[in-house]
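S.K.: This is the structure I want to talk about, given as structure tokens.
The values are calculated or read from the model by the stated rules, or taken from the named source; none is laboratory data. Note that this is a predicted model, so its numbers are computed, not measured. Here Cβ is always computed from backbone atoms with ideal geometry, including for glycine, and neighbour counts include all displayed protein chains. To get the accessible areas, we keep the full protein, side chains included, count just its heavy atoms, and leave off ligands, DNA and RNA. Shrake-Rupley method; radii C 1.70, N 1.55, O 1.52, S 1.80 Å.
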Amino acid sequence: MKNKIKKILFYLLITIIPVIISGCLYANKIVNGELLQQKNAAKWTGTIHQKQWDSFMNKTVTSLNVLSISIETNKDSMKNIEKLLRKVVNEEPAYGGLYLLDSSGETITGSTDTYDHISIKMNHASYIQEAIRTKDIVISDQQEILNNGQKVIGLAKPVIKDNNQSDFILVAYLRIDYLLNIMKIITPKENIAIVNANDEIVLSMNSYISSKDDSISLPIDRLPWQIKVGIQDINTKKIMEKTLVFIIFCLVCSHLLYLLLQFYLFKKRLQIEKKQNEIQKLELVGNLAASSAHEIRNPLTGIKGLIQLLSEKYKSEEDQLYFSIIQTEITRINEIVSQFLFLGKPTALKKQNINLQQIIHELKPLIVSEGNLNNVECRFTIPEKNIPIVCTADQMKQVILNTTKNAFEAMTGGGILTFTIFEHAGKVTISIKDSGVGIPPSQLKKLFQPFYTSKDTGTGLGLIVCKRIIQSFHGEIYITSKENIGTKVEIVLPIAAS
């Protein structure tokens, strides 16, 4: 039950939970991106209308300035001023009307015949009062409706004398429908509003925009107004579709990752089981060796003695050949039994501080002699100073001789054996390198497996014994090889305290 729960939790941790988190993060990223895109689009729209309004207001102010100069020039002839106002209104479609007021706010003349019915009093138009007070152009912050039902925005311009006094007030009505038409031509689908300094809507286009709506605001030149452009709603359906596609992709990837992890864990379990099987094999061999090695050796000793006596009795050449073969095979059996004994009790012998150079100097004649028999040149690089290691001398010799023997067997046509000793970081490395046929990568991985051998007469225990001996000395053994180039065995041991 616990294993089942662990498997479910592992599956959720690798597949479902990361996908949910990734999906939420991705959706959030898309939403933020869409919002930023809509804000940038609204800002771009607002900038266009801002420039259009700035251009329109500059044009209007220039037109009124010119018109006020003409009025000052013709102030004695109201007929000429009326004609001038009518002409300007007829030629400029933005104007809903032009009127000339005296300093008390009464209409003197205008662009239409019905101007005397239009109420333009100082107490009804605060922007006119502001224009008189500041002697500057002032625009109304509210819509006005003329008698003909037309919606307009009023704009007052004082007509200034040379002595900086104003006799007249020029009032221009800007048609709201004309202004909205211009805005719709530029961006027909956008939600736009023009608001005054009190954040009250002066005019709006398409959907109504309140101050609470999500929008961007840009100021208008010469006016205490702002253009507000509504930020479009994000496309929820599009975001959901993109998120769904991303989640499906993540699910596929997470399940592939889950399968890869399952495969990796399966292989790892196989390796652990394989290693455990190897350990069990060695334990089995050790137990078998511990219980039967002496029983095997005792009769072998008797057989060897009897064969020795028989060889002294029967002197013929043929009999001596047979006795020699029997003795060789008995010696081989003894060696195998010794290897089994070591596998059973690898720490039976007492370790002590021994000078590594002493061991090598004792083995050197044997190695050189064996090299000469195999047409192999032996090269030694050994430091002169003492290198103490904690080991058993006989077992250390067994490892080196076994390793050099393998090297000689790999150089069937002769070659070079390089034997090097060097120190590094409190450890000593014994490097034994040959120039033989090398070992294929497929075999290199199996060298330390019990009973694996590439030789016809091998037991597959030699390297296992060497590795266990070195590990009992708290060291490690490494083998690297390249085919047709050679093999290098490195034995790394800790240097003993002096």
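S.K.: For segment 131-148, what are the residues that are in a helix (DSSP H, G or I) and either in contact with a Phe, Trp or Tyr (Cβ under 8 Å, 6 or more places away or on another chain) or open to solvent by less than 80 Å² (accessible area, probe 1.4 Å) (or both)?
M.R.: The first filter runs over segment 131-148 and keeps only residues in a helix (DSSP H, G or I), leaving 131-134.
Matches in segment 131-148: Ala131, Ile132, Thr134.
S.K.: I want to confirm something. Restricting to segment 369-390 and keeping residues that are part of a helix (DSSP H, G or I) and surrounded by 15 or more Cβ atoms within 10 Å (Cβ to Cβ), which single residue is nearest to the chain's Cα centre (by Cα)? Working first, answer last.
M.R.: Here is the first cut: in segment 369-390, the ones part of a helix (DSSP H, G or I) are 369-373.
Next, from what is left, pick out any that are surrounded by 15 or more Cβ atoms within 10 Å (Cβ to Cβ): 370-371.
Working: Glu370: 59, Gly371: 57 Å.
The selected residue is Gly371.
S.K.: Find the residue count for segment 31-51, including only residues that are over 13 Å from Ser217 (Cα atoms) and free of Cβ contacts under 8 Å to residues at least 24 places away in the same chain.
M.R.: Of the residues in that region, 5 qualify.
S.K.: Among (1) in a strand (DSSP E or B); (2) modelled with pLDDT of 85 or more; (3) open to solvent by 10 Å² or more (accessible area, probe 1.4 Å), which single condition is Val152 missing?
M.R.: Unmet condition: (3).
S.K.: Let me ask another. Considering only residues that are closer than 30 Å to Ala27 by Cβ and open to solvent by 100 Å² or more (accessible area, probe 1.4 Å), which ones fall in segment 257-274? Don't jump to the end; show me each part of the working.
M.R.: So the first thing to find is which residues in segment 257-274 are closer than 30 Å to Ala27 by Cβ, and the list is 257-262.
Those that are closer than 30 Å to Ala27 by Cβ and open to solvent by 100 Å² or more (accessible area, probe 1.4 Å): Leu259, Leu260.
S.K.: Tell me yes or no: at least one residue of segment 78-93 is in contact (Cβ under 8 Å) with a residue 40 or more places away in the chain and closer than 21 Å to Asn181 by Cβ. Please lay out each step first, then the result.
M.R.: Kept after step one, since they are in contact (Cβ under 8 Å) with a residue 40 or more places away in the chain, are these residues of segment 78-93: 93.
Of the ones still in play, those that are also closer than 21 Å to Asn181 by Cβ are 93.
The answer is yes, given that some residue of segment 78-93 is in contact (Cβ under 8 Å) with a residue 40 or more places away in the chain and closer than 21 Å to Asn181 by Cβ.
S.K.: Confirm whether Asp177 is open to solvent by 50 Å² or more (accessible area, probe 1.4 Å), among the acidic types (Asp, Glu), assigned by the TED database to the domain that holds Asp54 and in a loop (DSSP other than H, G, I, E, B). It would help to see each step written out before you state the result.
M.R.: Details: open to solvent by 50 Å² or more (accessible area, probe 1.4 Å): yes; among the acidic types (Asp, Glu): yes; assigned by the TED database to the domain that holds Asp54: yes; in a loop (DSSP other than H, G, I, E, B): no.
Considered against the rule, which asks whether it is open to solvent by 50 Å² or more (accessible area, probe 1.4 Å), among the acidic types (Asp, Glu), assigned by the TED database to the domain that holds Asp54 and in a loop (DSSP other than H, G, I, E, B), Asp177 comes out as no.
S.K.: For segment 312-335, give me the residue count where each residue is basic (Lys, Arg) and farther than 19 Å from Gly302 by Cα.
M.R.: Our first condition is that a residue be basic (Lys, Arg); within segment 312-335, this holds for 313, 315, 332.
Remaining after also requiring farther than 19 Å from Gly302 by Cα: 315.
The qualifying residues number 1.
S.K.: Under 9 Å by Cβ, and 6 or more places apart or on different chains, what pairs join a residue from segment 133-160 that is more than 17 Å from Thr107 (Cα to Cα) with one that is open to solvent by 50 Å² or more (accessible area, probe 1.4 Å) and among the hydrophobic types (A, V, I, L, M, F, W, C)?
M.R.: Close Cβ pairs (under 9 Å, with a partner that is open to solvent by 50 Å² or more (accessible area, probe 1.4 Å) and among the hydrophobic types (A, V, I, L, M, F, W, C)) amount to Lys135/Ile160; Asp141/Ala197; Lys151/Ile145; Val152/Ile145.
S.K.: Within segment 476-488, is there a residue that is modelled with pLDDT under 75 and either open to solvent by 60 Å² or more (accessible area, probe 1.4 Å) or under 41 Å from the mean Cα position of the chain (by Cα) (or both)?
M.R.: Taking segment 476-488 as the starting set, the residues that turn out to be modelled with pLDDT under 75 are none.
Taking every residue of segment 476-488 in turn, none turns out to be modelled with pLDDT under 75 and either open to solvent by 60 Å² or more (accessible area, probe 1.4 Å) or under 41 Å from the mean Cα position of the chain (by Cα) (or both).
S.K.: Would you say Ala410 is without any contact (Cβ under 8 Å) to a residue 12 or more places away in the chain and open to solvent by 10 Å² or more (accessible area, probe 1.4 Å)?
M.R.: Spelling it out, it is not the case that Ala410 is without any contact (Cβ under 8 Å) to a residue 12 or more places away in the chain and open to solvent by 10 Å² or more (accessible area, probe 1.4 Å).
S.K.: Still on this structure, I have one more. Considering segment 180-226 alone, what residues qualify as being under 14 Å from Ile139 (Cα atoms), modelled with pLDDT of 85 or more and open to solvent by 40 Å² or more (accessible area, probe 1.4 Å)?
M.R.: Correct list: Gln226 only.
S.K.: Right, another one. Applying the selection to segment 303-327, what residues are in contact (Cβ under 8 Å) with a residue 24 or more places away in the chain and either assigned to a loop (DSSP other than H, G, I, E, B) or of a type in the set (Val, Ile, Thr) (or both)? Break it down into steps so the answer makes sense when it comes.
M.R.: Narrowing segment 303-327 to residues in contact (Cβ under 8 Å) with a residue 24 or more places away in the chain: 303-304.
Listed by number, the list holds a single entry, Ile303.
S.K.: While we're on this one: Which ranges mark the helices (runs of 4 or more DSSP H) fully within segment 1-108 that have 2 or more residues being of a type in the set (Phe, Trp, Tyr) and not assigned by the TED database to the domain that holds Tyr173?
M.R.: Numbers: elements: 2-11, 17-73, 78-91.
Passing ranges, in order: 2-11.
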